[in-house]
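A quick write-up on the structure given underneath.
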Amino acid sequence: MSALGTKTSPPGPPTLPLIGNLHIFPRESTHLQFTEWARKYGGIFSLKIGTGTVIVITCPDIANELLEKRSATTADRPSLYAADLVTGGLHIALIRYGDTWRALRRAAHSILTPKATARHLPIQIAEATQLLYDMLCTPEYFNKHIKRYSSSVIMSVMHGKRSPRYETPETADFFRLEQEWTTFIAPGATPPWKDTAARIRKMQRGFFFRLLAATEERVQRGEQNGSYMEELLEKRDELRLDTDMTAYLGGTLIEGGSETTSSFLNSFILCMVAYPEALKKAQEEMDRVVGQDRVPNLSDLQNLPYVRAVILETHRFRPVAPLLFPHATTYKNYSIPAGSTIFVNYWGISQDPTLYDAPDVFCPTRYLLTQNGTKLGMKTSSMGPTLAFGFGRRSCPGIHLAENAINIHVMNLIWAFNFEPALDVDSCTESIHSMILTKPLPFNCRITPRTAEKAEIIRREFVDAAGTYRKFEFGLSQEDREFVLNSRDR
Ligand code: HEM
């Protein structure tokens, strides 16, 4: 902590004139190099990138002090020229701290409270049921099924329109856009050429505004289904959102909710394959509490301490955002220069052997022994269970929606399936990293229903959920209609 109170810069690797540490700044698997430096230079270290400063925090107490207690001075984001070229400064997760961010964040909060989120449980549960069904029918495509689920559920919740198939046009458009957009803003990408920016901008605005227009038309036809955008459109004046802000908020929340949930579910399956003893313990607990004859529901979770521990351990073991999202500081009279970029090295904290026993092992039991899974006797008041969702004013506003989704899936999947290694499973605990979000490298595994009775229950639940799906199915393509007819509405 002492570095925070002094006027000297935090320590860091030796610098070269003019470029500082630019030549050694890791563009890939950044969290791994940051963690190596943290072990050498301590819980707070700094890098010089040209005239700028990057601060890396790998200590929960310092992260808490700077990003939670002094949140007003660290709620900014570093300026991202490439992102602004495309979004015009309307991306809630990337924009600078200021009036536009405040208006977007207030609007996001007003629709993402725990109470508001509970209203969307029926479609979240129905979408989770389709994931079970898809994995039952074609388990080899589980990764594709997770991607379909993750984008369909958030589009249903936000815009009231679901995608029954991975190839449904909205989902396909969304993945195409995400591919272009995330490549364009990735660190170290080719310079942000204006014509590329203009092309992606056209694509992004086209997609976000099409979704908004479809919601408006649906409302005009009197076909409301309770989506968030309906609520936002109603409160738009009160929340001071113009049309661009409304469309961008709807679109960027889809982006925030899709890849994150999908990454968590892939990591969860990976852990179940790689650590069969953890899966077995979770299944035993599930069988004791829920039994064989029904799928679990959210209220079961309070009686499933080991399953809750599996969720926390998955966040720790393979964080979705190993460096959270970068913050920027505007704090003046401080040893951290104004305008510094701040990374919280959540990965380095999660893998710290002074905090955790055997941190590189997936071991949910640690969360049954101590509240935060840390070693016995450690003082860890700065390390609550929501660390994976960030700190302070920029912490994740989608946390309640995300936690419901994760809880439903983890229970469902443990109840329904066995997960076993395929031949190439050796590589399975590696991750790829794209600076902000990680997800496992593609891997194969064998997914089989635990019993024939459970397979039958899944088929029945899928057909029974037809009424819920239909409320979110508008303007389906011929192929989507055929899928619905053949799989569900026979
Ligand atoms: C597994 C699920 C999720 C994880 C692990 C996660 C994690 C995070 C993290 C680490 C941040 C950055 C916090 C910081 O800067 O300190 C963040 C920000 C954000 N998340 Fe999530 N998230 C998840 C799901 C969602 C969902 C479902 C939504 C949308 C409904 C969402 C919307 C956002 C938005 C809009 C921001 C930017 C907030 C801002 O800059 O003001 N996230 N999330």
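Throughout, read-outs are computed from the coordinates displayed, never taken from laboratory work. For clarity, every value in this text was computed on a predicted model and none was experimentally measured. Please note: Cβ atoms are built from the backbone with ideal geometry, for glycine as well, and neighbour counts cover all protein chains shown.
Dividing the Cα radius of gyration of the range 106-250 by its Kirkwood radius returns 1.00 for Rg/Rh. For G12, the residues 5 or more places off, or on other chains, whose built amide H falls under 5 Å of its own are S46.
When the Cα positions of T183, M378, C271 are compared along the charge dipole of the chain, M378 comes out farthest toward the positive end, with charges on each C-beta of Lys, Arg, Asp and Glu.
For an R0 of 35 angstrom, estimate the FRET efficiency from the Cβ-Cβ distance between A358 and N297 and round to the nearest 0.05. Approximately 0.55, to the nearest 0.05. Calculated mean residue ellipticity at 222 nm for the chain: -16000 deg cm²/dmol, from DSSP H runs with n ≥ 4 weighted as -39500 (n - 2.57), summed, divided by the residue count and rounded to 500.
Rg and Dmax over the alpha-carbon atoms of the chain stand at 22.8, 72 Å. With the charge dipole of the chain set up from +1 on Lys and Arg Cβ and -1 on Asp and Glu Cβ about the Cα centre, the Cα lying farthest toward the positive end among the listed residues S9, M203, H409 is that of S9. Protection proxy ranking of 445-453, 274-282, 478-486, by the mean of other Cβ atoms within 10 Å over each peptide's residues and highest first, is 274-282, 445-453, 478-486. In the range 2-488, the DSSP beta bridges split such that about 85 percent are antiparallel, to the nearest 5. Based on alpha carbons, the Rg and Dmax found for the range 2-110 are 16.2, 49 Å.
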